[in-house]
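Please read the structure below before turning to the comments.
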Amino acid sequence: MKSVRAPLMATLALALAGLTAGVSSAAPPDAGCTCRKRDGTKAELGQMTCIRVGDDVYLARCEMALNVTTWRRLRDGCPEARMSVGVFSAVR
């Protein structure tokens, strides 16, 4: 029984080592990777902006896809800031 168990354990250990080596060899994205906005300015990974393509407007985030940066569409339309008009009393 002992002679069968040793080769099986060695095979399992090698298989596990191979799986973890594949996972750990993936490099994180380079800190210098950026997306380009329409006006040519750079956007850092994770930065969000509104993109207009013809009549289509959407919110997008700069992300890595495979080995290149890309704008990933998050939702249609863009957020708007609105001010509510109200009466404010001064504190004296």
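Scanning region 52-67 for residues that are within 15 Å of residue 36 (Cβ to Cβ) and surrounded by 15 or more Cβ atoms within 10 Å (Cβ to Cβ) returns 60, 61, 62, 63, 64. Is it the case, given these coordinates, that residue 66 is touching a Lys or Arg at 6+ places or on another chain (Cβ under 9 Å), at pLDDT 85 or above and not hydroxyl-bearing (Ser, Thr, Tyr)? Judged against the criteria, residue 66 is not a match. Residue count for region 75-90 satisfying the condition of being part of a loop (DSSP other than H, G, I, E, B) and either modelled with pLDDT of 75 or more or aliphatic (A, V, I, L, M) (or both): 9.
The values are calculated or read from the model by the stated rules, or taken from the named source; none is laboratory data. Since this is a predicted model, take the numbers as computed values, not measurements. With ideal geometry, Cβ positions are generated from the backbone for all residues, glycine too; neighbour counts draw on all protein chains shown.
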